[in-house]
Amino acid sequence: MSGILDDFKDAFSKRNNGLIQLIWLNVAVYVVMLLVLISLTIFFKKAELFDNALSYLSLTPSLGVFMYRPWTILTYSFFHSVNPIAHLLPNMLMLYWFGAIIQEFLGSRRLINLYILGAIFGGVFALLTFNFIPYYQTGINTTIIGASGSVMAIMFAAATLAPDYTFFLFLIGPVRIKYIAFFFFLISLAGAIGVNAGGGIVHLGGALLGYLYVKQLQAGNDWGTPIDVTVDFFKRIINRTEKPKIKVAYRQKETSYNSTSVGVGVGYPDEDEVDAILDKISRSGYESLTKEEKQKLFKASQK
């Protein structure tokens, strides 16, 4: 168990590791959820308590319910049904495959932003659909959980960004991801009038978000900027008391080096410069760096 916890901590201590962090977070939430359900069922015979608690974290389209639980527009995307083979595993596999493409081309931070925006947009799409289309109003009190909306956003973003990127599927062979995305769009469209209509609608909302996100990004508009600003704000608050100590130690080391060596070309960057470069990689990928920034990153890696 300690080894698993160490792996979990290691995943979140690394920069530009958004894909693995998202997968670990979903798996961790599922394990905790399962342990709580088993404990309440076996030891207390109160399985209904688990259902009541989960209702405060899953999305209910009814506006009368949602207005008292606005956080569910995001929390629902980290919870899955008890059967992992039917729900958690497919979502995590899709997240891994398509998330790797987004992380490679757009960076780790934009991948996380896509996951969050896909969940929010898919949830909003479900709220609008169930409240304003008469056909769906009979199921307005249904509950929705799962990362599918976020995964569909990532899938369609990847298909929009690199439509001819090819996967080799077992027993099928090479298939371009634009056709895979279209296939899942058809499944979601059919599911929108099935037993799991809520899930199908969230999928469609996520797919639309993924497509629009990349199109807006290509036009110079990053819809993830508000998320970046919010995250950076809280990071500055957290690091405010820690960074001075790190800077002192770093500068002492840099002074010691400069007193015995003569720098040529780009000098050794300080910690703030390294942080800024790594954040840029996370947002836009390594290829977005200038030649000077790449040199600084290389020199920092030699320290």
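Of note:
- Rel. contact order, % - alpha carbon contacts under 8 angstrom, at least six apart, the chain: 19
- Highest GNM mean-square fluctuation among 204, 128, 35, for the chain modelled with Cα contacts below 10 Å: 35.
- Taking a sphere under 12 Å around the Cβ of residue 213 and counting the other residues whose Cβ falls inside, with K and R at +1 and D and E at -1, yields a net charge of +1.
- Angle in degrees between helix 2-13 and the longest Cα principal axis of the chain, rounded to the nearest 10: 70
- Span from the region 148-209 Cα centroid across to the region 45-102 one, whole angstrom: 19
- Accessible area per residue was computed with a 1.4 Å probe on protein heavy atoms; residue 176 scores about 100 Å².
- Heavy atoms of residue 178: accessible area, 1.4 Å probe, square angstrom to 10: 70
- Surface listing: 115, 165, 96 arranged by accessible area from highest to lowest gives 96, 165, 115, probe 1.4 Å.
- Full-extension gain in nm, residue 89 to residue 183, via 0.36 nm per residue minus C-alpha separation: 32.0 nm
- Crossing angle, helix 148-161 versus the chain [Cα axis fit, 0-90 degrees, rounded to tens]: 60
- Computed from Cα positions, the angle between helix 177-191 and the longest principal axis of the chain comes to roughly 30 degrees.
- Taken along the Cα-to-beta-carbon direction at a fixed 7 Å, the label points for residue 55 and residue 35 span 2.6 nm.
- Taking all protein chains together and a 1.4 Å probe, the residues 89, 289 rank 89, 289 from largest to smallest accessible area.
- Correct choice for Rg/Rh (Cα atoms, Kirkwood Rh) that was computed from the model, options [x] 1.17; [y] 1.04; [z] 0.95: [y]
- Within the full protein context, the accessible area of residue 24 is estimated at about 70 Å² for a probe radius of 1.4 Å.
- Label-point separation, residue 137 to residue 21 (7 Å along Cα→Cβ), nm: 4.3
- Most to least accessible of 85, 4, 101 (protein chains only, probe 1.4 Å): 85, 4, 101
- Remark: the residue 236-residue 5 segment gains 80.5 nm on full extension, using 0.36 nm per residue and subtracting the alpha carbon distance.
- Approximate spin-label separation residue 96-residue 193, in nm, with each point projected 7 Å along Cα-to-Cβ: 3.6
The values are calculated or read from the model by the stated rules, or taken from the named source; none is laboratory data. This structure is a prediction, so every number in the text was calculated from the model and none was measured. Glycine gets a Cβ as well: all are built from the backbone with ideal geometry, and neighbour counts include every protein chain shown. Quick note on the areas: whole protein, heavy atoms, side chains included, nothing else; ligands and nucleic acids left out. Shrake-Rupley method; radii C 1.70, N 1.55, O 1.52, S 1.80 Å.
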